[in-house]
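Scroll down for the structure; my scribbles are underneath it.
The values are calculated or read from the model by the stated rules, or taken from the named source; none is laboratory data. All figures in this text were calculated on a predicted structure; none of them were measured in a lab. Positions of Cβ are generated from backbone atoms using ideal geometry, with glycine treated the same way; all protein chains shown enter the neighbour counts. For the accessible areas, the whole protein counts, side chains as well, though only heavy atoms, and no ligand, DNA or RNA atoms are used. Shrake-Rupley method; radii C 1.70, N 1.55, O 1.52, S 1.80 Å.
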Amino acid sequence: MTTSINSTEIQRLALIKYLFVHADALSRQPAPLGGLCLLGFHDAVELYLHLASEHHNVPLSKRAEFSEYWAPLRPFAGGTIHGEPALIRMNKV
């Protein structure tokens, strides 16, 4: 089911995109600075999952763990979310 996106969600997506673009730029820097990109990528993904959960009215606790977002969002993504296993592994490091 598709629902319309509102202006607040668009603003939040813009922030998420900014974090992603910033992390991408950091990834091109030499070590150890380049390693900081992982924090930005992780934050961008987590903010996106949180926004998607709110948009689709997925019930989550206020302090949901990173791994708790995936299963309830799968139906809205056609059953699978690309990169889920790798992102969950990375979050455990």
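What the table shows:
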{"quantity": "Where a residue in segment 81-93 is within 16 Å of Glu65 (Cα to Cα) and its partner, wherever it lies, is open to solvent by 100 Å² or more (accessible area, probe 1.4 Å), with Cβ under 9 Å and at least six apart", "calculated": "Asn91/Glu65"}
{"quantity": "Cross-chain or 6+ apart pairs with Cβ under 6 Å, segment 16-39 first and aromatic (Phe, Trp, Tyr), then surrounded by 15 or more Cβ atoms within 10 Å (Cβ to Cβ) and in a helix (DSSP H, G or I)", "calculated": "Phe20/Ala44"}
{"quantity": "Elements of type helices (runs of 4 or more DSSP H) contained in segment 15-92, each with 2 or more residues being open to solvent by 60 Å² or more (accessible area, probe 1.4 Å) and more than 23 Å from Ile5 (Cβ to Cβ)", "calculated": "37-55, 84-92"}
